[in-house]
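S.K.: The structure is given below, and queries will be raised subsequently.
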Amino acid sequence: MSSKSPVYAVADAYVAKYAELDPVSATMLGIEGYNDRMTDYSQEGVEAQYMLTMSTLTQLSAAENKGERDRIAKELIRERLGVTAELHRAKEHFRGLNILTSPLQMVRMCFDLMPRKTRDEWSDIAQRSSLVPAGIESYRRLLHDGVQQNLTSARRQALSCAAQAEAWAGAGGKPSFFIKLLDSYDATRISDPALRGRLEGGAAAASDAYAEMAKYLRDTYAPASPEQDGIGPERYRLYSLGYNGTELDFEDTYAWGWE
């Protein structure tokens, strides 16, 4: 069996380290072994991911191509990580709060993809639930650092995210998302009082964390955020490049759209 090419070795090392730095995304991507961990969304955590990006780009440049597959892989990785680095240098991580794909949603959504059959799998859920406050607090610190630099998301996004956080925390007398996980656990008929106690404690802590985040977004973050939704052509260029993988002529594209 042939050995792994240098390009693929760099790629595999990146994925492994990325999963360690962002275990929530690891779960979302189906990478096993990280379901009991939480991502650090603070400036320190974001900077660690940026350093990984830059070191990987350096290693990739030095990696020898062994064929066409390597050439294609190197080109794709360089393009994707290049956009990631450019977004970081533009400080977009400070103003990435949105109602679909920001850390506020990822921390909640990763539980949807965690298996729920065995005692060990529920132990992972209990452990990660207990770490939700740390994850949400690290993201709150990042957002607040952005507020101090006048780098925030739009007010409408902030208020909508606050409503999401309130719903997941159990607003209006309804059970929180995390408390409802206990019903799923009880349906398995796993008999482990200690584990259920951990799940109950983690669910309460996670619910409180989202309630506190909702209050911060509504009372502190939203008042410091702009009313305008538009982000301007320079920022839009970066996000367009990230989604499409190519530079677009916006005026020509819009003219074609209207036509």
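S.K.: Can you put Lys4, Lys17 in order of Cβ neighbours within 10 angstrom, beginning with the fewest? Working shown, then result.
M.R.: On the way: Lys4 12, Lys17 15.
Taking fewest neighbouring Cβ atoms as first place, the list is Lys4, Lys17.
S.K.: Report the gain in length on full extension from Leu159 to Asp120: 0.36 nm times residue separation, minus Cα-Cα distance, nm rounded to one decimal.
M.R.: 10.3 nm
S.K.: Quick check for you: which residues of the stretch 230-252 have the amide N under 20 Å from the point 7 Å beyond the Cα of Asn65 toward its beta carbon?
M.R.: 246
S.K.: Going from the alpha-carbon gyration tensor of the stretch 31-140, what semi-axes, largest first and in whole Å, does one get by taking the root of 5 times each eigenvalue? Before the final figure, lay out each step's value.
M.R.: On the way: eigenvalues 188, 81, 28 Å².
They are 31, 20, 12 Å, listed largest first.
S.K.: In nm², what is the average projected area of the convex hull enclosing the Cα atoms of the stretch 99-228?
M.R.: Hull-based average projected area comes out at 7.8 nm².
S.K.: Report, by chain and number, residues whose modeled amide H sits under 5 Å from the one on Tyr41, excluding near sequence neighbours (fewer than 5 apart, same chain).
M.R.: Ser138, Tyr139
S.K.: While we're here: What percent does the relative contact order of the chain come to when contacts are Cα pairs within less than 8 Å and at least six residues apart?
M.R.: Numbers: 309 pairs, mean separation 55.2, N = 259.
Once divided by the residue count of the chain, the mean separation gives 21 percent.
S.K.: A follow-up question, please. Quick one: length gained pulling Leu113 to Thr58 fully straight, 0.36 nm per residue minus the C-alpha distance?
M.R.: 16.5 nm
S.K.: 7 Å from Cα along Cα→Cβ at both Ala187 and Leu29: what's the point-to-point distance in nm?
M.R.: With each label placed 7 Å out from Cα toward Cβ, I get 3.0 nm.
S.K.: Counting only helical runs of four or more DSSP H residues, what would the 222 nm mean residue ellipticity of the chain come to if each run contributes -39,500 (n - 2.57) and the total is spread over all its residues?
M.R.: The helix-only estimate for the chain comes to -22000 deg cm²/dmol at 222 nm.
No value in this document is a laboratory result; all are computed from the given coordinates. Here the structure is a predicted model, which means the values were calculated and not measured. A quick note on method: Cβ atoms are made from the backbone with ideal geometry, for glycine too, and the neighbour counts reach across all protein chains shown.
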